[in-house]
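Have a look at the structure below, then the notes.
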Amino acid sequence: MTAASTGGPVTGNDENDRKGWQANTRKLENAGAMAVEYSLSCPQGGDGTKGDIVSQDPELTAKIIGWVMEISNPDIPKLFKLTGAVTSIYQVVNAIKQVYARYPNKKAGITLANSFPALAFRKRAEGPGVWDEGMIVGMSGEGVAPISNLTISKAVKLGVTISGNGGPMDYKSAANFLALGAKSVQFCTIVMKYGFGIIDELNSGLSHLLEEKGYSSVGEFIGCALPNPVTNFGDLSAVKNIPEADPDLCRHCGNCTRCGYLAITLNDEKTPEIDASKCIGCSLCVKRCFSGALAMRKRTPEEQKVTPE
């Protein structure tokens, strides 16, 4: 499958802008693209204009998608890439859904949630009093995945087809997108970092995960976390887990005793011991244990009696 990516002008002159988006669509369709994705999540109108990032504006987003849909080939699917950098994705997707309703015989969906707009610096030519050059960049990679997870979990309720992207760096991240209801997952950063061969590992990992969970196909797995993928804060347990050490894996380095709550000490065998009255269950020690000797577990009834406030 060969899919094309494009965009269009956002100048405020609707007549000219409409011609640009529609011309780009026709050119790619005529060139043989099997699907077309439109970037509405990158700055296109210049800093400070209404179209700075199109998909932050539901009205503008719906208008541009309407231009594309009215002339698009119904046999070639269209995806419109949105941004997670919005106060509420629901209003944006709802406006798009109303446009799609006018074209029931055409195939279209959205891509969520792309990279996240950020500011980076690079060195300028040396000179007194000159600071580095600031540039708007798209922050991507593992740190963006939680934003994409949240965005997909909110948008999926509207029933619009979603292609998940923005942050997946392993098969488990891809599985999260699929479980939340995304129909496909797009990878960029991980492929750029490790090469196309990583796709085989991603496929293998997902296959083993599906087998472990008892699913016979990806299609059966999609949306398995629905209809309530997010546990409300008030419904979360107030009892936090506690770390436990595996003495066979422990390297007796004492790194875990740097606990900010002074909840970990080493016994005579130099193995970590946890004070349940001090441990708040932050799991930082587990993340810092380079040998993997620490893991979180549920507290025993006795430990729950001394759980810190």
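The values are calculated or read from the model by the stated rules, or taken from the named source; none is laboratory data. Please read these numbers as outputs of a predicted model, since none were measured by experiment. Positions of Cβ are generated from backbone atoms using ideal geometry, with glycine treated the same way; all protein chains shown enter the neighbour counts. All accessible areas refer to the heavy atoms of the entire protein, side chains included, with ligands and DNA or RNA removed. Shrake-Rupley method; radii C 1.70, N 1.55, O 1.52, S 1.80 Å.
The table below gives the values:
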quantity	calculated
Peptides 147-153, 18-24 ordered by average Cβ neighbours within 10 Å, highest first	147-153, 18-24
Distant-in-sequence amide H partners of residue 5 (H built 1.01 Å from N, under 5 Å)	37
Cβ-placed point charges (K, R +1; D, E -1), dipole of the chain about Cα centre in debye, nearest 20	620
Burial order of peptide ranges 121-127, 174-180 (average beta-carbon count within 10 Å, highest first)	174-180, 121-127
Which of 62, 131, 229, positive extreme of dipole for the chain (C-beta unit charges)	62
Nonlocal amide H pairs with residue 139, under 5 Å, H built at 1.01 Å	116, 118
Structure-derived P(r) over Cα pairs in 10 Å bins from 0, in percent: which label, when the choices are (1) 5, 20, 25, 22, 15, 9, 3, 0; (2) 6, 28, 35, 24, 6, 1; (3) 6, 25, 32, 22, 10, 4, 1, 0	(1)
Restraint check, 123/193; 154/213; 78/154; 81/172; 78/172; 97/183, Cα-Cα greater than 19 Å	123/193; 154/213; 78/154; 81/172; 78/172
Partner lysines for residue 278 [C-alpha distance under 27 Å; skip if fewer than 8 residues away on the same chain]	240, 270, 287, 298, 305
Built amide H within the under 5 Å cut-off of residue 259, gap 5+	264
DSSP bridge pairs, the stretch 10-127: antiparallel proportion in percent, nearest 5	10
Cβ-placed point charges (K, R +1; D, E -1), dipole of the stretch 195-298 about Cα centre in debye, nearest 20	500
Share of carbon and sulfur in the accessible heavy-atom surface of the stretch 1-147 [1.4 Å probe, %]	52
Karplus (6.51, -1.76, 1.60) ³J(HN,Hα), θ = phi - 60°, over the stretch 176-188, in Hz, Gly and Pro reported as x	4, 4, 5, 4, 7, x, 5, 8, 8, 10, 9, 10, 9
Bridge type composition, the stretch 95-229 - antiparallel percent by DSSP, nearest 5	60
Using alpha-carbon coordinates, inclination of helix 14-30 to the longest axis of the chain, degrees	80
Probe 1.4 Å, protein heavy atoms only - accessible area per residue of the chain in square angstrom	58
Solvent-accessible area of residue 133 with every protein chain in place, 1.4 Å probe, in Å² to the nearest 10	60
Signed unit charges on C-beta, dipole axis of the chain, positive-most listed residue 169, 11, 296	11
DSSP beta bridge pairing in the chain, given as percent antiparallel to the nearest 5	45
Accessible carbon and sulfur surface of the stretch 169-309 relative to its total accessible area, %, 1.4 Å	52
Of 296, 34, 135, the one that fluctuates the most in a GNM where the chain has Cα springs shorter than 10 Å	296
Rounded accessible area of residue 97 (nearest 10 Å², 1.4 Å probe)	90
